[in-house]
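Enquirer: Following this message is one structure expressed as structure tokens.
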């Protein structure tokens, strides 16, 4: 059997590095192609912005975020995905660069969650699903072992990682989104109601949206004004 550094499995590229930069770039390319094919829809003035964003969610985001719950994201990956996402929203709303409309305003008008929030919620759901599946399933057995190996406990008590900066792993993203340590998350997830209460929310973006909603400033773009009126 040939040894390779990358292969495609169930529609996703798996890299030997453990990171997903190659797959993310491929997903952005696929989603961009779909977005361009739907350009006539984005330009139709007869369609409301609400309808356009529903199409965007169904056709573009579904392709962009396919299997994103399994990604191990770096800051550079998140920045690239967010930039692509906000550019698409500007395109659908007809916001031009020289109008100096900030991304917070665009996100408020589209009412779409950030990519980081969408992926965090998917990871949160997958973590709970893996914990509750049949105990004989390999994924169920691998989850606590992965956490134990990171903490150097259990049968990994004598294991020592290689020198250098520790690599980011998938489980750490659960810690970031919930504020719990991996071992605490593994305990809390056994209570479905408590785990659902920890569902991640992009608090910073929410505060920015609230600040914009209370601001007296209004956009001069007639397309944005029409959207605000029609969305009430």
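Enquirer: Among the numbered conditions (1) surrounded by 17 or more Cβ atoms within 10 Å (Cβ to Cβ); (2) within 16 Å of the chain's Cα centre (by Cα), tell me where residue 93 comes up short.
Expert: Exception for residue 93: condition (2).
Enquirer: Taking residue 137, is it at pLDDT 80 or above and over 22 Å from the mean Cα position of the chain (by Cα)?
Expert: Yes: the conditions hold for residue 137.
Enquirer: Yes or no: segment 43-51 includes at least one residue that is without any contact (Cβ under 8 Å) to a residue 12 or more places away in the chain and under 20 Å from residue 124 (Cβ atoms).
Expert: no
Enquirer: Can you tell me which condition residue 88 does not meet? The list is (1) more than 20 Å from the chain's Cα centre (by Cα); (2) crowded, with 16+ Cβ neighbours inside 10 Å, and all the others hold.
Expert: Evaluating residue 88 over (1) more than 20 Å from the chain's Cα centre (by Cα); (2) crowded, with 16+ Cβ neighbours inside 10 Å leaves (1) as the failure.
Enquirer: Out of 40, 6, I need the residue that is over 15 Å from residue 81 (Cα atoms) and either in contact with a strand residue (DSSP E or B) (Cβ under 6 Å, 6 or more places away or on another chain) or outside the structural domain of residue 55 (by TED's automatic domain parsing) (or both). Which one?
Expert: 6
Enquirer: Let me ask something else. Answer yes or no as to whether residue 119 is more than 21 Å from the chain's Cα centre (by Cα) and either closer than 20 Å to residue 198 by Cβ or part of a helix (DSSP H, G or I) (or both).
Expert: Answer is no for this residue.
The values are calculated or read from the model by the stated rules, or taken from the named source; none is laboratory data. The shown structure was predicted, so the numbers you read here are calculated from the model rather than taken from an experiment. Note that we place each Cβ from the backbone using ideal geometry, even for glycine, and neighbour counts take in every protein chain shown.
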